[in-house]
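Inspection log for the structure reproduced underneath, given as structure tokens.
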Amino acid sequence: MNIEDEKLLGKILNFIRMGSVLLLAMHCYWFCHKLFVAFGLYHSFMDNIFVKLQSTSGMFDNLYTTKLVCLSLLFISCMGAKGKKSEKIKINIIIFSIILGLLLFFLNFLVFELTGISSIVKNSIYCITLIIGYVLILFAAMLVSRLLKHNLMKDVFNAENESFMQEQQLKTNEYSVNIPTKFYYHSRWHKGWINVVNPFRASIVLGTPGSGKSFAVINNYIKQQIEKGFALYIYDYKFPDLTEIAYNHLRLNPHGYKNGVMPKFYVINFDDPRKSHRCNPIHPAFMTDISDAYESAYTIMLNLNKTWIQKQGDFFVESPIILLAAIIWYLKIYQNGKYCTFPHAIEFLNKKYADIFTILTSYPELENYLSPFVDAWEGGAQDQLQGQIASAKIPLSRMISKQLYWVMTGDDFTLDINNPQEPKVLCVGNNPDRQNIYSAALGLYNSRIVKLINKKGQLKSGVLIDELPTIYFRGLDNLIATARSNKVAVCLGFQDYSQLTRDYGDKESKVIQNTVGNIFSGQVVGDTAKNLSERFGKILQQRQSININRQDTSTSISTQMDSLIPASKIANLSQGMFVGAVADNFGEEITQKMFHAKILVDIEQVKADEKRYVKLPVITSFVEPGTSIDKLDEMIDKNFTRIKNDVTNIINSELDRIANDPDLSHLINKQQ
């Protein structure tokens, strides 16, 4: 509309408004004529005109005709009015003015019903209330024209634009983990489901301490996988939290194992031998090649020295690993593995290095393996040799513990947890106060289990690792990448990606991050939040802007691609709120894979279940039969002493064998 048209429209509107005011004055003159006569504000000519108007149109037959026409003209004049928009104008002021104005404008006829006052006073009150009502209505109408109809501050956090429809249908199969949720979309809350229909594509659960990752997600994985007949391996960093849940849920829900073979429940716990089974993680039956011994040595040494993860391949990193691997393999081949345990390997390593190398080099299959040490030994490079040996001895000496020796020298069970004939639910417990020592031993169990469960024809199984960075899990990246076809579901819980990178190295951390199909994230910050935001992608969002000037207001609406879940929103999630994405299957496609929702946990049901829970039972009793004497310390001491004596006897026996063998006796002479 050009300027001339606007001026013409303004004149028309002003003319209509003046007509409204004129009609209001005519109404007062007709119905309050006595007031005008009393003040001498009348004329016979004017009276004649009003009489003729009434006789021809009947417009003054009642009080409401002229009032309605007057208001109609007023509203028409205000509809085209343009005022300067203002954010300060409040809708409640407009509503109050309109209601009060209409009441005064239409209900002031009641003043004529008053008694005890003169008609002049009644007419005066009527006219005053009528005018006040009219002015209030006019005031409200003018405010409406200045009201900013687009309140951009209503959604200051952009919640509407960043909300999206999520999966509302429950989709289950014989492997799925299904978690109920509540999500916000289109200004209201909806109920939904996180359907992990393919847990074999691995899952990551992220979140700062207290974000609810164990309570809301990992506990669900444990319970539902037990209900569906999975064999389980659980790393319980804060033992016995997860262990008690697994033990009691297995006890209360045995119906999930339909093949007629109930899994046995096993616990590895170095703190309390009474509540721990015994298991030899380097059992000779499961080592077929020296590379298996190397894997075990590698896992132990890198768990004891986390900084070595970044230095793999260095001479003083590889040397102690090779030496320990050679000792483990030696114990495997000596007397058919009778003494092949980790405690025996530690004690053997702590003997005189001259005896160690004399014995090890007497076996042709170890001679080449130990050539770096033999060259240093024969060349008289004692400082180098002692440095190589000390690199192994010093960290391993921290693991000399009577309780650890007790647990790791027994054979209560084997680590093939998903064996269809002997399925197991195995929980290994760590202790935050002794993390550096226990993590190395537990890492050894991890590495053996990874090899044993990742095979064809085994039972479906789950590997749940809470607080992953507290333990070095060798082969984890390969397990995630290859175990899907062998029905191994991996679930990893940790706080953020930087923690994983620090303890696993950048390359391995990236592989783990990029090969996992299902991801849950509570509150995380920094680069982890940015990484996740990029993973969730962008969505088309509407943008609105308003330009207010002195004469006019212009509104523009545009669309642009922006983050579906911004990093700032991930960094400020409340406890129990999770974002993430799930993977699907052929034939089980999930349209809405991503979620940003509150995970619903039935607190009352959890409390009811916990009332039925029992404490972990005593597995090994050290009480002498027929008495109340606890012989725990005595039996553990005997085991500790037996291991030391075993190794001493091995050394003496082997040195005698070598000395009496003409082909090997030169090794004794070399030692001397």
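The values are calculated or read from the model by the stated rules, or taken from the named source; none is laboratory data. Since this is a predicted model, take the numbers as computed values, not measurements. All Cβ positions, even for glycine, are placed from backbone atoms using ideal geometry, and neighbour counts span all protein chains on display. Quick note on the areas: whole protein, heavy atoms, side chains included, nothing else; ligands and nucleic acids left out. Shrake-Rupley method; radii C 1.70, N 1.55, O 1.52, S 1.80 Å.
Quote the FRET efficiency, to the nearest 0.05, computed for Ile120 versus Ile539 with a Förster distance R0 of 45 Å and r equal to the Cβ-Cβ distance. According to the calculation, E is roughly 0.05. At full extension, Ile12 and Lys264 could sit 81.5 nm farther apart than now, given 0.36 nm per residue minus the alpha carbon distance. Label sites at Leu110 and Glu634, each approximated as a point 7 angstrom past Cα along Cα to Cβ, lie 10.1 nm apart. Counting charges near Val524 (Lys, Arg +1; Asp, Glu -1) among other residues having Cβ under 14 Å from its Cβ returns a value of +1. Applying the Karplus relation 6.51 cos²θ - 1.76 cosθ + 1.60 with θ = phi - 60° to segment 250-260 yields 3J(HN,Hα) values of 5, 5, 8, 10, x, 5, x, 9, 8, 8, x Hz, where x marks Gly and Pro. Accessible surface for segment 451-511, divided over its residues, is 35 Å² per residue with a 1.4 Å probe.
Based on the reciprocal of the average 1/r between different C-alpha atoms, the Kirkwood radius for segment 252-293 equals 13.6 Å. Straightening the chain between Asn436 and Lys338 buys 32.4 nm, computed as 0.36 nm per residue apart minus the Cα-Cα spacing.
Summing charges over all other residues whose Cβ lies under 11 Å from the Cβ of Thr181, with Lys and Arg as +1 and Asp and Glu as -1, gives +2. For segment 547-646, the per residue solvent-accessible surface stands at 63 Å², with DNA, RNA and ligands left out and a 1.4 Å probe.
Below 13 Å, Cα to Cα, which aspartates and glutamates can Lys593 reach? Residues fewer than 8 away in the same chain don't count. Leaving aside aspartates and glutamates fewer than 8 places away in the same chain, those within reach of Lys593 are Glu167, Asp584.
For segment 207-346, the equivalent ellipsoid built from the Cα gyration tensor has semi-axes of 34, 22, 14 Å, listed from largest to smallest. Determine the share of the chain's accessible area contributed by carbon and sulfur atoms, expressed in whole percent, with a 1.4 angstrom probe. In the chain, the share of accessible area belonging to carbon and sulfur is 55 percent.
If you put +1 on each Lys and Arg Cβ and -1 on each Asp and Glu Cβ, how big is the dipole of the chain around its Cα centre, in Debye rounded to 20?
Charge dipole, the chain, about its Cα centre: 3040 debye, nearest 20.
Normalising by residue count, segment 213-278 has a Cα convex hull of 88 Å³ per residue.
Let me make sure I get this right: for segment 591-649, a, b and c are the square roots of the gyration tensor eigenvalues over alpha carbons, sorted descending. Under 1.5 in a/c it's rounded, otherwise prolate if a/b > b/c, else oblate. Which is it?
The shape class here is oblate.
Taking every DSSP bridge with both residues inside the chain, close to 50 percent are antiparallel. Would you calculate a helix-derived [θ] at 222 nm for the chain, using -39,500 (n - 2.57) for each DSSP H run of n ≥ 4 and dividing by the full residue count, to the nearest 500? My calculation for the chain gives -15000 deg cm²/dmol from helical runs alone. Relative contact order of the chain: 18 percent, from C-alpha pairs under 8 Å at least 6 residues apart in sequence. How many percent of Cα pairs in segment 563-624 exceed 16 Å? Value for segment 563-624: 70 percent of Cα pairs lie more than 16 Å apart.
What's the FRET efficiency of Thr641 with Arg502 using the Cβ-Cβ distance as r and R₀ = 56 Å, to the nearest 0.05? Efficiency at R0 = 56 Å is approximately 0.90. In the distance distribution for the chain, Cα-Cα pairs more than 39 Å apart total 55 percent. For segment 434-532, the percent of C-alpha pairs falling in each 5 Å distance bin, counted from 0 to the bin holding the largest distance, reads 2, 12, 23, 25, 19, 12, 6, 1, 0. Against the empirical curve 2.2 N^0.38 Å, the C-alpha radius of gyration of segment 573-672 lands at a ratio of 2.45. Each principal axis of the Cα cloud of segment 1-72 was evaluated for its coordinate range; sorted largest first, these ranges are 49, 24, 18 Å.
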